[in-house]
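Accompanying notes for the structure given below.
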DNA sequence: TCCTTCTATGCAACTTGTTGCATAGACAAG
DNA sequence: CTTGTCTATGCAACAAGTTGCATAGAAGGA
């Protein structure tokens, strides 16, 4: 289960509560792994039961108490073991591509606004990635030189940036195609 | 459920059996949606029960009989309805990225061979995509001009090609980073 | 005061997806 | 004549992920 490993990595980078983890899964870690808070709480509970994590009840002022999790020795060992195992190259799941191919059996022009919406979502995400890169890695506020963890985080973020740029360029290509089809075959 | 819709699109492009669909999900459709035969058979059964598909028993010589599925009117209506609904932009799930970030807590150099393996897998996939593109869209054997379906299939394939190229370039970037870390910090 | 928002945690039910196994006919190689 | 491969279908058990709902303290605004 990769969510377990993503949680171990995130908690090694910095211990935190389920709520905090959920927030990280909306940003940084979420660049390459998504999870909802329900899923995170469930897995945290199981991992703690398995002795992979330590929990510490932290009372807070002005807020509900939280449970701060950190990685226990067996958790770290489990991560190391996983890092040395080969994993299968990703299988792709791209719903929008299904739609694009399905558009041949409906009105392709009707898909234009949907593709534009997705283009915008990716453009927004790219903007957030670039802002984060400037803040954490390339801007004047960034620590220099970076440690190994920072270098690797930056490399992963560069992957996210490359992915968003590629996707935006492809969606522009798709939009061109849809426009061409509209003028070429006004109606099927 | 996007698998249902992927199956509808594939069966509209060409009717076929569960086995044939499973093979398509290893190539063409598999460029953007993966599924195992067990999953396909189960969903086909459910869709047929719901009246979305027609089934026809086809006796064959030299082979076991097969059940050929094709899309019924309600199935086509369901696809059209889905095409007009907005979908959420994809959430990314990239296990290798989790590993890369996790490498900070182990030996980053140990990850090099794993990343190289993934690079090769993506390079192979790119080769298959390019061969397919030449065969079906850009080569001398390809039908010209393409119909709307062909244009859209080609646009999706171009997305797959762009994805593989981007991933290969990123993995090269990651390999550079891992090599740099090895020389910079010989051992943590 | 009430309404909303933010922090914080979690259960229950359901849907999807994966893994392992099983069957069976036809054909080809050894 | 046995073993392996390809076509062809499927069940059962399990793991993972999603959706809806529920609770609760504190802060801030209408």
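Nothing in this text is a laboratory measurement; each read-out follows from the coordinates by a stated rule. If you're wondering where the values come from, they're calculated on a predicted model, not measured in any experiment. Using ideal geometry, Cβ is built from the backbone for each residue, glycine included, and neighbour counts are taken over all protein chains shown.
Laid out as a table, the results:
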read-out	value
Inter-copy label distances at residue B:36 (7 Å, Cα→Cβ; nm, one decimal)	2.4
Whether the stretch B:1-40 is rounded, prolate or oblate, judged on the alpha carbon gyration tensor where a/c under 1.5 counts as rounded	rounded
For A:24, A:42, A:56, B:158, order by how many other beta-carbon atoms lie within 10 Å, fewest first	A:56, A:42, B:158, A:24
The stretch A:139-188 and the stretch B:50-89: distance between their alpha carbon centers, rounded to Å	34 Å
Neighbouring partner chain Cβ atoms per residue of B:120-133, average, 10 Å criterion	1
Stretchable slack from residue B:142 to residue B:113, in nm (0.36 nm times residue separation minus alpha-carbon distance)	6.6 nm
Which of A:58, B:98 has the fewest Cβ neighbours within 10 Å, and the rest in rising order	A:58, B:98
Rounded, prolate or oblate (a/c below 1.5 giving rounded, otherwise prolate when a/b exceeds b/c) for chain B by Cα gyration tensor	prolate
Computed lengthening from residue B:19 to residue B:34, 0.36 nm per intervening residue step minus Cα-Cα distance	4.0 nm
Innermost chain A residue relative to the axis carrying A onto B, by Cβ distance in angstrom	A:166, 2
222 nm mean residue ellipticity, helices alone, for chain A (DSSP H n ≥ 4; -39,500 (n - 2.57); rounded to 500)	-19500 deg cm²/dmol
On Cα atoms only, tilt of B:73-84 relative to the major axis of chain B in degrees	40 degrees
GNM top mover of B:122, B:94, B:37 - chain B, alpha-carbon springs below 10 Å	B:94
For residue B:23, inter-copy label distances in nm, listed shortest first [label point 7 Å out on the Cα-Cβ vector]	5.4
Test item: B:74-81 mean partner chain Cβ contacts at 10 Å	2
Sites residue A:123 and residue B:70, calculated FRET efficiency, Cβ-Cβ separation with R0 30 Å, nearest 0.05	0.15
Test item: A:162-173 mean partner chain Cβ contacts at 10 Å	4
Gyration tensor (alpha-carbon) shape descriptor, the stretch A:2-84, a/c threshold 1.5	oblate
For residue A:62, inter-copy label distances in nm, listed shortest first [label point 7 Å out on the Cα-Cβ vector]	7.9
Degrees, to the nearest 10: A:148-184 long Cα axis against longest axis of chain A	20 degrees
Neighbour-count ranking [beta-carbon atoms within 10 angstrom, fewest first] of A:99, A:120, A:67, B:14	B:14, A:120, A:67, A:99
